[in-house]
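Asks: Once you've had a glance at the structure underneath, I'll fire off some questions.
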């Protein structure tokens, strides 16, 4: 079922353009056929003249002239067909563009509905109300707090700052590398080789 959805839909306009292109191709094939006849009649006229058969040469040239007239007519028909195909294809592109513009305009209209003047004014009013409420709270606090209350607020602020600093220092201490638990051993250097001696190679010196 999914494969059928990928097949492009052939519209009547597509079929019309295809028919016109097929007619154009047939005209081109007919022109090639006429050109072969023209060349052949030309060769026949030359051969008849060489054989001193002037009447037959004239007949060949008349046939050639008639075929040239047909070729000229097909040129005009072919030009009209190609112009018609180009016009239809361009018109289809214009229609597609117009559909796209219409969809875009519909989307813009929906956006404008959501962003109408009433919604914008309501949002601004809510913003002004929030600002006015904040100013009211600030004025109320500044008018009702005594100096002792303000000192208590500042003291509580200092306590919070000290607590935050203490937590930061604790985190730093926890991130420090651990101290080795084993005691370092003294290294004895061999006087002759200059290399450090292993502990089991040391020879105790008698007292």
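Asks: For residue 37, state whether it is part of a helix (DSSP H, G or I), in contact with a helix residue (DSSP H, G or I) (Cβ under 8 Å, 6 or more places away or on another chain), more than 30 Å from residue 10 (Cα to Cα) and in the same structural domain as residue 14 (by TED's automatic domain parsing). Write out each step before concluding.
Replies: On the way: part of a helix (DSSP H, G or I): yes; in contact with a helix residue (DSSP H, G or I) (Cβ under 8 Å, 6 or more places away or on another chain): yes; more than 30 Å from residue 10 (Cα to Cα): yes; in the same structural domain as residue 14 (by TED's automatic domain parsing): yes.
Yes: the conditions hold for residue 37.
Asks: Residue 43 passes all but one of (1) free of Cβ contacts under 8 Å to residues at least 12 places away in the same chain; (2) touching a helix residue (DSSP H, G or I) at 6+ places or on another chain (Cβ under 6 Å); which number fails?
Replies: Tallying (1) free of Cβ contacts under 8 Å to residues at least 12 places away in the same chain; (2) touching a helix residue (DSSP H, G or I) at 6+ places or on another chain (Cβ under 6 Å), residue 43 fails exactly one: (2).
Asks: Right, something else. Please work out if residue 133 is in a helix (DSSP H, G or I), over 30 Å from residue 13 (Cβ atoms) and not assigned by TED's automatic domain parsing to the domain that holds residue 29.
Replies: Values: in a helix (DSSP H, G or I): yes; over 30 Å from residue 13 (Cβ atoms): yes; not assigned by TED's automatic domain parsing to the domain that holds residue 29: yes.
Yes; evaluated as a whole, the condition is true for this residue.
Asks: Looking at 78, 108, which is the one that is in a helix (DSSP H, G or I), in the same structural domain as residue 28 (by TED's automatic domain parsing), under 30 Å from residue 37 (Cβ atoms) and at pLDDT 75 or above?
Replies: Values: 108 fails: under 30 Å from residue 37 (Cβ atoms).
None of the other options fit; the residue is 78.
The values are calculated or read from the model by the stated rules, or taken from the named source; none is laboratory data. Since the structure is predicted, the reported quantities are computational estimates derived from the model, not experimental observations. Note that we place each Cβ from the backbone using ideal geometry, even for glycine, and neighbour counts take in every protein chain shown.
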